[in-house]
Amino acid sequence: MDAVTVVAGAMITVGILGLVVPVLPGLLLCLAGVLLWSWETNTTTSWVVFGCCVAVAAIGWIVQFLVPNRRLKAAGVPGLAKVAGLVGAVIGFFVIPYVGMFVGFPVGVFLAEHARLRDARRAWAATKAAMRAVLTSIGIELAAAVLVSWIWVAGVLVS
C-alpha cells in the first residue's frame with residue numbers, strides 16, 4: 001500500500017469523523033481523498049470509482065437538502081426560524097467553543113418561533129422539529145460518506 005492510499009484513507013476517515021462532529025466539510029473531504037487516490041493511481045478503475053463516489057455524494061447532498069426541508073415545512077417551521085437557528089449556531093460556536101453551535105441552533109430557533117407564535121409550547125415543538133431535521137440531514141450526509149468510503153475501499157482492493 002503506497003503513501004497516497006494511506007493519505008487518501010486518512011482524509012476519508014477524517015471526513016467521516018467531521019460529519020459526526022460537524023466541524024469539517026466531511027463529505028467533500030471524503031471526495032477529495034478519493035480524488036487524490038484516483039489522480040495518483042490514474043487507472044480506469046480509479047476514475048470509475050471516483051465517478052461513482054461523486055454520484056453518491058451528489059445524491060446525498062440533494063436528499064440532505066430535500067428531506068429535512070420537507071419535514072420542516074410539514075411541521076410549519078418557517079425559513080426565518082431556520083435562519084435564526086443558523087445565526088444562533090454561529091454565535092454559539094464563538095461564545096462556547098466546540099459545543100456552542102449545538103446550543104445556539106435550538107436557542108435561535110426557539111427564540112424566533114416564540115417571538116412569532118407567542119406560545120412556548122408551540123415554539124418548543126418547532127424547535128424539536130428543527131433539531132430532528134438537522135439530525136436527519138447529518139445522518140443522510142454521514143450515510144453518503146460511509147458509502148463513498150466503501151466504494152473507495154472496493155476500488156483499492158480491485159486495483
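The values are calculated or read from the model by the stated rules, or taken from the named source; none is laboratory data. In this text, all values refer to a predicted model and were calculated from it rather than measured experimentally. Using ideal geometry, Cβ is built from the backbone for each residue, glycine included, and neighbour counts are taken over all protein chains shown.
Going by the conditions given, is residue 156 surrounded by fewer than 20 Cβ atoms within 10 Å (Cβ to Cβ), of a type in the set (Val, Ile, Thr) and assigned to a helix (DSSP H, G or I)?
In short, yes.
Mind listing whichever residues of the stretch 63-85 are crowded, with 18+ Cβ neighbours inside 10 Å and touching a residue at least 40 places away in the same chain (Cβ under 8 Å)? Explain how you work it out, then say what you get.
Just the residues of the stretch 63-85 that are crowded, with 18+ Cβ neighbours inside 10 Å, to begin with: 64, 68, 72, 77, 81-82, 84-85.
Correct list: 64, 68, 72, 77, 81, 82, 85.
Write out, first by first residue and then by second, each pair whose Cβ atoms fall under 6 Å of each other, whose residues are 6+ apart or on separate chains, and whose first residue, in the stretch 3-19, is within 11 Å of residue 36 (Cβ to Cβ) while the second is assigned to a helix (DSSP H, G or I) and not hydrophobic (A, V, I, L, M, F, W, C).
4/40; 8/33; 11/33; 12/33; 12/149
For the stretch 122-141, what are the residues that are surrounded by fewer than 18 Cβ atoms within 10 Å (Cβ to Cβ) and in contact (Cβ under 8 Å) with a residue 12 or more places away in the chain?
Selection gives 124, 125, 131, 132, 136, 138.
State whether one or more residues within the stretch 110-117 are closer than 29 Å to residue 157 by Cα and free of Cβ contacts under 8 Å to residues at least 12 places away in the same chain.
Among the residues of the stretch 110-117, not one is closer than 29 Å to residue 157 by Cα and free of Cβ contacts under 8 Å to residues at least 12 places away in the same chain, which makes the answer no.
Can you pull out every residue in the stretch 21-48 that is surrounded by fewer than 16 Cβ atoms within 10 Å (Cβ to Cβ) and at pLDDT 90 or above?
Those that are surrounded by fewer than 16 Cβ atoms within 10 Å (Cβ to Cβ) and at pLDDT 90 or above: 28, 32, 39, 40, 42, 43, 44, 45, 47, 48.
Quick check: is even one residue across the stretch 111-122 modelled with pLDDT of 90 or more, closer than 30 Å to residue 38 by Cα and acidic (Asp, Glu)?
No.
From the list 88, 9, 60, 18, exactly one residue is surrounded by 15 or more Cβ atoms within 10 Å (Cβ to Cβ) and modelled with pLDDT under 90. Which is it?
18
Could you please let me know if residue 51 is surrounded by 20 or more Cβ atoms within 10 Å (Cβ to Cβ) and under 15 Å from residue 150 (Cα atoms)?
Values: surrounded by 20 or more Cβ atoms within 10 Å (Cβ to Cβ): no; under 15 Å from residue 150 (Cα atoms): yes.
The answer is no for residue 51.
Any residue at all in the stretch 135-148 that is over 15 Å from residue 22 (Cα atoms), among the small types (Gly, Ala, Ser) and at pLDDT below 90?
Within the stretch 135-148, not a single residue is over 15 Å from residue 22 (Cα atoms), among the small types (Gly, Ala, Ser) and at pLDDT below 90.
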